[in-house]
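I have placed the structure first, in the form of structure tokens, so that the comments after it can refer back to it.
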Amino acid sequence: MRVLAAWLLSVLAAAPLRSAVVPVEVTIASEASTGTVPPGFAGLSYEVSAVLPTPDGRYYFRPDNAGLIGLFHSLGVENLRIGGNTSDRNVRELPKKEDLDQLFGFARAAGVKVIYCLRLHDGDPAADAATAKYLMDQYGALVDCFSIGQEPSAYPVGPETRPKENRMGASVEKFPYSTYRDEWRRFAQVIIAAVPNVRFGGPSVHKNAEWTNQFMADFGTGWHVALVTAHLYPGGAAATVPTDEIARDWMLSSHFTEVCERLYRGMAPHLGGVPYRLEETNSYYNGGRHGASDTFTAALWGLDYLYWWAEHGAAGINFHTGDGVSVGNQLHVPAYGVFTTRPDGYEIRPLAYALKAFSLAGHGPLLPAVVQAPPEANLSAYAVRSNDRLTVTVINRTHDKDARDLAVALKPGSEWTAAEAVFLRDADGVAAVSGVTLGEVPIDVHGGWAGHWQNLAPNSDAGGFSISLPAASAVVIRLRKR
């Protein structure tokens, strides 16, 4: 203990005069598990319009799109959800068999399973049944499940009077669950008759545990429901946030976490053993908030968000993204995009770095990471045990002008004697829209990453490892037994 205290004092003495370094201790407990990172956890969500060919007949999702396939592999994307408003109430055109063949050819090449949304609003159950039958007959092993309807709680009731920038939430949603229940049952009966081995997910509503609980009470048994699907944009409508700075602060504070906790606590007791997934999620809806969703803030928030939901038992989460998302019945390039297409490859957005950093831990049980830190240390820590390796991720969310660097004393247990680390950071801070690096290098336009792992010397006397973690950054530490 004296050695640890002496080390912390030396770190404090070497710190710049502008702010003191905050000492923290992270201890990994190996005797219990707080959850798991299962296969298929990390996913992306796209509008169904992305499945359609361009006017020149070219497909985004196609089996020979080597660049996109490589990017999915690089970021660790293992699940692909197809839906969005263009699959349901804002539909203009639905995919044909040849379009679906391209999509599932891509899915096979990319190694992902697909959640596919069928139209409910003004839809045709026979047409949905035909689509489900074709996909299960041809690509059943690649189908995760089908949802029926996109955010039905937000369907319009009568003439649309809600502002286009805020059409979700209890204060503006008027569509009754009872109507949805009767329509879902009618559609499901037709689909089940045509496809006896169909798997459903539902109810696919935003931040609404009440609908989820009623759906499970009505359809959780005997209706082929294999997955509870929820949507969540913790920040709500992008346009209603007063300033970009506030939007960034919310993403890195307890504000977003409290929203997640309310949804989780509301629906967790009613799942009945059925797994659940956030099949559509991101920071703010309506394409995100410029100045927040497209900044380095998203990298830190997204990394923490992935781990938070893994610790709370989710089967996975799918960040909504694409070259265009539906906003007010029009497609717009989203601020919250993970990446977007450019002529020479892809523009890698900050949120992509969250997925990449998360993928470095692999799959496995989450071990308790016990943090001892003063209140001003706004950090989180997670540990994943994967075979003979332990990966610890520590995220320093402090980011204002008085933000403190952290002196992290990592205590993983005496068996872990070798360690290497990569840092996630941006030299220009949380408001930067470019310049993100992981392991001192960016992800290139083709999804390639060759980050530099830094060897960490063990503390011979105190045990464990010492890491200096600057404000607004994260570190991924990979530990091995010698």
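Where a number appears in this text, it was derived from the coordinates with a stated rule and is not lab data. No experiment lies behind these values; they were computed from the predicted model shown. Ideal geometry is used to build each Cβ from the backbone, glycine not excepted, and the neighbour counts take in all protein chains shown.
If Lys and Arg each add +1 and Asp and Glu each add -1, what is the summed charge of the other residues whose beta carbon sits under 14 Å from the beta carbon of residue 291?
In short, -2.
Among 50-62, 463-475, how do they line up from the highest to the lowest mean number of other beta-carbon atoms within 10 Å?
Final packing ranking: 463-475, 50-62.
Can you list which of the GluC sites (Glu not before Pro) found in the stretch 47-114 are DSSP loop residues with at most 16 other C-beta atoms within 10 Å?
Here the GluC sites (Glu not before Pro) that fit, given the DSSP loop and packing criteria, are 93.
Net charge near residue 226, counting Lys/Arg +1 and Asp/Glu -1 over other residues with Cβ under 14 Å of its Cβ?
Net of charged neighbours comes to +1.
Can you figure out the FRET efficiency of residue 446 with residue 134, using R₀ = 35 Å and their beta-carbon distance, to the nearest 0.05?
Rounded to the nearest 0.05, the efficiency is 0.60.
For the stretch 236-393, what relative contact order do you get, as a whole percent, if you take Cα pairs closer than 8 Å and at least 6 residues apart?
20
Of the listed peptides 211-224, 317-330, what is their order by residue-averaged count of other C-beta atoms within 10 Å, with the highest listed first?
Per-residue mean Cβ counts within 10 Å order the peptides as 317-330, 211-224.
Among 233, 264, which comes first, then next, by fewest other beta-carbon atoms within 10 Å?
Listing 233, 264 from fewest to most nearby Cβ atoms yields 264, 233.
With the crude spin-label approximation of a point 7 Å out along Cα→Cβ, what separation in nm comes out for residue 210 versus residue 457?
According to this spin-label approximation, the distance is 6.1 nm.
Be a star and scan the stretch 93-111 for residues whose amide nitrogen sits under 11 Å from the point 7 Å along the Cα-to-Cβ vector of residue 73.
Zone members listed by number: 109-111.
If the chain between residue 341 and residue 66 were fully stretched, how many nm would it gain, using 0.36 nm times the residue separation less the Cα-Cα distance?
97.7 nm
When the helices in the chain are scored as -39500 (n - 2.57) per DSSP H run of 4 or longer and the sum is shared across all residues, what 222 nm value do you end up with, to the nearest 500 deg cm²/dmol?
The per-residue figure over the chain is -8500 deg cm²/dmol.
Determine the relative contact order of the chain: mean sequence separation of Cα pairs under 8 Å and six or more apart, normalised by residue count, in whole percent.
19
Mind giving me the FRET efficiency for residue 226 and residue 141? R0 is 22 Å, r the Cβ-Cβ distance, nearest 0.05 is fine.
Approximately 0.95, to the nearest 0.05.
Mind checking the stretch 392-428 for trypsin sites (Lys or Arg not before Pro) that DSSP puts in a loop (not H, G, I, E or B) and that have at most 16 other Cβ atoms within 10 Å?
401
Let me check against my output: what whole-number percent is the relative contact order of the stretch 234-329, with C-alpha pairs under 8 Å and at least 6 apart?
For the stretch 234-329, the relative contact order is 38 percent.
Once you list every other residue whose beta carbon is under 11 Å from the beta carbon of residue 110, what net charge do they have if Lys and Arg are +1 and Asp and Glu are -1?
Residues near residue 110 contribute +2 overall.
Two decimals, Cα atoms only, Kirkwood Rh: what is Rg/Rh over the chain?
My calculation of the ratio gives 0.98.
Calculate how many DSSP beta bridges within the chain are antiparallel, expressed in % of all such bridges and rounded to the nearest 5.
DSSP beta bridges in the chain are roughly 55 percent antiparallel.
Please compute the modelled spin-label separation between residue 179 and residue 157, points set 7 Å along Cα→Cβ, answer in nm with one decimal.
For residue 157 paired with residue 179, the spin-label model returns 0.7 nm.
Given axes a ≥ b ≥ c from the Cα gyration tensor, I'd like to know whether the stretch 230-332 is rounded (a/c under 1.5), prolate (a/b larger than b/c) or oblate.
prolate
For the pair residue 400 and residue 373, how long in nm is the line joining their label points, each one 7 Å along Cα→Cβ?
Simple spin-label model gives 1.6 nm for this pair.
How many angstrom lie between the Cα centre of the stretch 82-104 and the Cα centre of the stretch 406-457?
Result: 38 Å between the Cα centres.
Work out, step by step, the length gained on full extension between residue 258 and residue 54: first 0.36 nm times the residue separation, then minus their alpha carbon distance; give nm to one decimal.
Extending this stretch completely gives an extra 69.3 nm.
Just how far, in whole angstrom, is the stretch 168-225 from the stretch 350-378 if you go by their alpha carbon centroids?
Centre-to-centre (Cα) distance: 34 Å.
May I ask which residue of 291, 382, 48 lies farthest towards the positive end of the charge dipole of the chain, with charges of +1 (Lys, Arg) and -1 (Asp, Glu) on Cβ and the Cα centre as origin?
Going by the charge dipole, the pick is 382.
What's the ranking of 38-44, 302-308 by average number of surrounding C-beta atoms within 10 Å, highest first?
302-308, 38-44
Which chymotrypsin sites (Phe, Trp or Tyr not before Pro) does the stretch 364-459 hold that lie in a coil by DSSP with at most 11 other beta carbons within 10 Å?
Filter output for the stretch 364-459: empty list.
In which sequence would 145, 117, 260 go, from the one with the fewest C-beta neighbours within 10 Å to the one with the most?
260, 145, 117
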